[in-house]
Amino acid sequence: MGAGAVVAASLVASVASASPEDIFGYGPRSVAMAGTGTASSDDYEAAYTNPALISRLRARTLVIGYQEASFNLSASGTGLPGPVGYDPATGILIGVGLPIPFGGRLKDRVGVAIDFYTPTSLLVRGNIPYPETPQFVVLPDRAQSLTIRAGLGLDLGYGIRVGGGFGALAELDGSVVVATNSTGSVGSTVQDQLVAVYAPTVGATFDLPFGAGRPFRLGVAYRGQLEARFSVDIDATKLSSLNIPVLNISGIAQFDPEEVAFEAAYDTKAFTVALGATYKKWSAYPGPLEATTTCPAAMPMCGAVQPPTLAFHDTVVPRIGVERTLALPRRTKLHLRAGYAFEPTPSPSETSASQAVDPKSLMLVNVPTRYFDASRSIIAFGSGIEIPPLTIDTYGQVHVLVPRTITLDAASPASQSGAPPPPPGPTTVAHVTGTVLTFGMSLGVKF
Amino acid sequence: MRPLGALALVAFVAIASEARANPVDAFGLGSRGTAMGGAQAADVSDFSANYYNPAGLARAPKLELSLGYMGADQSLYVNGVNSGIDPVKGLVGGVVAPGRVFGIPFAFGLAIFLPDDFLSRVNALPQDQPRWELYANRNQRLYIAANVAISPLPWLQVGGGIAFMAATSGTLGITGSLPVLQAANAELRHEVDADLTAIRYPQVGARVELSRNVALAFVYRGQFSEKLDLHAILSGGITLTPTTPLLTTAYYNLETISVSAFLPQQAVLGASWQITPNLRTNLDLTYVNWSAYVSPVASINVKLNIPPPSFGWPPGIAPPTTPAPTTILPLNMNDTLVPHLGIEWRALERPKWEGFVRGGYEYDKSPIPAQTGSTNYIDRDRHAFSFGLGLRLMQVLRELPGDIRLDGHVQLSALFDGTTVKSSPADYVGDYVAGGHIWNVGGNVTVGF
C-alpha cells in the first residue's frame, strides 16, 4: 500500500493548471489596468482578455517578461498561527502576436496570439493539506502553475470583431497496482496518463457608433471552466492477506471558474479608459479533495471519511483601467497605466467541520475546516515605453484583503470508529487579513 | 545588435519547450523531414526547424502556419506474440514568423506534436519484465519546441532555445484506520504536497552556406533526465472491524528516487547539396550519447513498522513484509552514430504549382547491449525507409498571396528478428526472439503568407 501511495504522489504532482491569469490578469498592459482588456486589448494579451481583439494586431510581436508575487496572509484566532507562510510566486511570461497577412478582403483582419506563463522554479504547485491546516485556498498555490492560451481574432468589418481560442490544462488519470512479486518482495506496476483538457474562450467587440475605428467599444468574452483533476486508484488488494480497500487519491489541483466579462472602453491613440465587470461561476467549485475510500454500491452508508465541502458562491468583479499615451521624439511613446478592481471572495463566511480519525484513539472526530479567503481591493499601475522596434513595460498590483471574520465549526469529541460522525463542536472565529504584491517587467520586439 | 542579442538570450533562457524529443527523435517532425529520412539539419526552413535545426528558422522567407497529422503503428513481437505497443499518433503543427530587427533577419518559431489520447504516459515496470524500452512509453509524449534565430551574415544562421521537462518531488500522507475484515469501513484520508519542477536544457544550431549549392550545419540538443523524487508516509491503526479494539499500528515510510524519462544529448552534423536546380540530397550524422542513459528502475528506501498484536495475528491475516531492497542493474547502453540520408526531386514545375518526390533512409543501431542477464530491455537495430510527395500551389487566392504546400510521407521501420539468449538456463523469462516493424504515415499543410 505504501509503495503505491508513493507513486501516487508523483502522479498528483504531474498536473498543470492555469490560474495566475485569473488572479492577476495576463500581460503588462492588462495587469497594469487591473485586468481590463475585454474591450481595450490590442496585442497578444487578447488571447486571454478577448480573442476578438487579436485582430487589432498590426506587427509581429515577441515578448519575454518576468513576474513576481509575494503573499503576506494572516489568519488569527484560537488555534491559528497568525501569518501563514507562502513562497513567492515567480514566473516568466512569453507572448507571441502574429497578424496574418492575408490579401484581398482579409487584409489586416486576422491575427493569432499565443500566451505562456511558466513559474520559474516549478511548473505546478500541488499542495493540498488536510483541511485543519490553515490555508488560503484561492490565492497562493493557484498562482504557481503553467498557463497556455492561444486564440484567433477576425475583424468582420463595420466595427465588429469576433474571436476564439482556448486555455489548456493537463489532468491525470492513472492506476497503481501493488502486489507481492515472484521473489516475495513488494513490487508495483504504475500506469498513468497525463491528459489535456481544454476550455474555450470566445469573444466579440463592437465599435460604437457602428463603424470601424470609432473610439467607443463594447466587448464581451466568455471563458470556459478549467478544471485540473487528478485521479489515481491504488490497488493493494493483492499485497497481503490484509483486506485493504482500493485507495482513491483524487482531487482538484487547479480550478478556474467559468467566466463572462463585459467591458466598455473609450480607446484612442492618446487615451484609453476601460470599465467592466467579470462574472465568475465559483459555485461550481467542488472543493479540493475527494474521499480516499469510497463506499461500495452495496454499502452506501459505510464508514468512509468524507472530504470537506466548500459552498463557494458566484462573484462579480468590477474593474476600471486607464492608459495615457504620450508621444515622444523619434517615434518613441510613453504609456502610463493604472487601474482598480474589487474581487469579492467566493468562499463562505462559515465553514463546517471536516472528518478525521484521531491517530491515538482511532476514533472519528470533527476538525475545523481552515480554508480561508477574503475579498480583495486591487490597485494596479504600470508604464511602458516604445522605442521601435523594442517595447519595455513594467507593472504592479497591490491586493489588499478586506479584513474578514470566518466562523469555523470547531473540533468535537471523538466517536467510536465506524459510528455516525459526531455533531459539530462549538464554533471559533478566524480573523483574516493580508496583502498580495505583484510586479513584473517585460521586453518585447516587433519584427 | 546588442539589444537583439539580449532579447535572444532572454528568449533562450525563457522559451518553454516541454517534453521535446522522443516521438520526434523516433519518427521525425513534419512530412518533408520524415520523408527525407530526418536529414534536414542543413536544409530546413519550415516549422520543423524547431527540431531539426533552429538556425533554419532565419531562412524562412515568409510567415508560415503548418498543421498536419501523423500516426505510427508499432507492430513489435516477442516470440511471435504482438507486444501490443500502442500506436503513436497525433496532430503536428507549427509557426515560423520571420522578420527583421535592427535590419537583421530574425525569426521566431514554434512546433508541436500533440498526441491524440494523452500528453504523456508513464508505465513503470520491474526491471526483469520484458519491455520495448525505446518504443513503448518514451514515444507517448507531448512535444513543444520554441526557438529564435538570426542571420547576422548572409551565409550564416544561428538559433536556439531552451527546452524544459518536468521533475517531480513531493510528499504524500495517508492517515486513518483500517479494519482489515471490513475494508469498506476504512477511515482513511490523504494530503499531498508535491511540486512539478522544471528541468531546462539547451538546443542550439548553426548553418553555414559554403556556396549557393552546398551548406553545412551543426546542431546540439542537450540531455535531460526526468527525475521522480518522492516521500510517502502512511500511518494509522489496523483493526479487525470498526468496532473492535486496535490490533496494531502501521507505519510505512518510503522514499523513492528514479529517472522516469531520459533523453541523451545529441550532436548533429549535417550537409545539404543542391546537385541540380531540381535535385537535392542531404546527409546528417547524429551522435547520441546513450551511454549516459540512466536505468528507469527506482531506488527505494523503506522503513516499515507493523508490530504484531500482543496476541499475535488472527488466523488468515498476514501483514506485508518489508520489501527487499531493489538492486538496480546498470543498463550500460552504448553511444551511437545515426546516419540519415535524404533526397528531394522537384519532378514537376509549372507556373502555378510544383511537385516533389522525396526519399530517405535512417539506420539506428540499437544502443542496448545484449540482455543476457535478468533485465529485459528489448531493442533491435532499426532500418527506416521513407518516401514522400509534395505539392506546392502558388497564388491560389487573392486573399492568399503566398503559397500552400501539401506534404505527405510513408515510412517503414524494420526491426529484424534477433534472438536474446540468457546466460542462465534458470532465467524465468528465458530466451526469446524479438523483432517487428513500424509503419509511419502522415501529412501536413503549410500556408505561407
Residues of the range B:122-153 that turn out to be at the interface with chain A (Cβ under 8 Å from one of its Cβ atoms) and either farther than 30 Å from residue B:295 by Cβ or out of contact with any Asp or Glu (no Cβ under 7 Å at 6 or more places or on another chain) (or both), as a count
6
Considering each of A:264, A:284 in turn, give the residue that is touching a Leu at 6+ places or on another chain (Cβ under 6 Å) and more than 14 Å from every other protein chain (Cβ to nearest Cβ).
A:264
Going by what's in this entry, would residue B:303 be described as crowded, with 20+ Cβ neighbours inside 10 Å, modelled with pLDDT under 75, assigned to a strand (DSSP E or B) and charged (D, E, K, R)?
no
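If you take the residues in the range B:242-268 that are modelled with pLDDT of 90 or more and surrounded by 16 or more Cβ atoms within 10 Å (Cβ to Cβ), which one is nearest to residue B:185 (Cα to Cα)? Full working, then the answer.
If we filter the range B:242-268 for residues that are modelled with pLDDT of 90 or more, which is where we start, we get B:265-268.
So of that shortlist, the ones also surrounded by 16 or more Cβ atoms within 10 Å (Cβ to Cβ) come out as B:265-266, B:268.
Numbers: B:265: 51, B:266: 54, B:268: 60 Å.
Out of the qualifying residues, it is B:265.
Having 3 or more residues that are at pLDDT 85 or above and facing chain B (nearest Cβ under 10 Å) is the bar; report the strands (runs of 3 or more DSSP E) wholly within the range A:90-207 that clear it. Please lay out each step first, then the result.
Values: elements: A:110-119, A:124-128, A:147-157, A:160-180.
It comes to A:110-119.
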Inter-residue pairs, beta-carbon under 6 Å, first closer than 18 Å to residue B:104 by Cα and within 14 Å of chain B (Cβ to nearest Cβ) and in the range A:431-447, second part of a loop (DSSP other than H, G, I, E, B) and among the small types (Gly, Ala, Ser), 6+ apart
A:446/A:59
If a residue has to be under 30 Å from residue B:109 (Cβ atoms) and either within 14 Å of another protein chain (Cβ to nearest Cβ) or assigned to a loop (DSSP other than H, G, I, E, B) (or both) to count, how many in the range A:55-85 make the cut?
11
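Within the range B:18-36, can one find any residue that is aromatic (Phe, Trp, Tyr) and within 21 Å of residue B:339 (Cβ to Cβ)?
So the first thing to find is which residues in the range B:18-36 are aromatic (Phe, Trp, Tyr), and the list is B:27.
This time we only want the ones that are within 21 Å of residue B:339 (Cβ to Cβ), so: B:27.
Looking through the range B:18-36, at least one residue is aromatic (Phe, Trp, Tyr) and within 21 Å of residue B:339 (Cβ to Cβ).
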Against the definition (among the polar types (S, T, N, Q) and either at pLDDT 90 or above or surrounded by fewer than 19 Cβ atoms within 10 Å (Cβ to Cβ) (or both)), how does residue B:129 come out, yes or no?
yes
Taking the range A:287-305 as the search range and keeping residues that are at the interface with chain B (Cβ under 9 Å from one of its Cβ atoms) and closer than 19 Å to residue A:137 by Cα, which one is modelled with the highest pLDDT?
A:291
So, in the range B:85-104, how many residues would count as being more than 9 Å from chain A (Cβ to nearest Cβ) and modelled with pLDDT of 90 or more?
12
Within the range B:55-84, track down each residue that is crowded, with 22+ Cβ neighbours inside 10 Å, within 14 Å of chain A (Cβ to nearest Cβ) and closer than 20 Å to residue B:206 by Cα.
B:57, B:58, B:60
First in the range A:323-338 and free of Cβ contacts under 8 Å to residues at least 24 places away in the same chain, second anywhere and exposed (fewer than 12 other Cβ atoms within 10 Å of the Cβ) and aromatic (Phe, Trp, Tyr), Cβ under 6 Å, 6 or more apart:
none
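The values are calculated or read from the model by the stated rules, or taken from the named source; none is laboratory data. On a predicted model such as this, the values are computed, not experimentally measured, just so you know. Ideal geometry is used to build each Cβ from the backbone, glycine not excepted, and the neighbour counts take in all protein chains shown.
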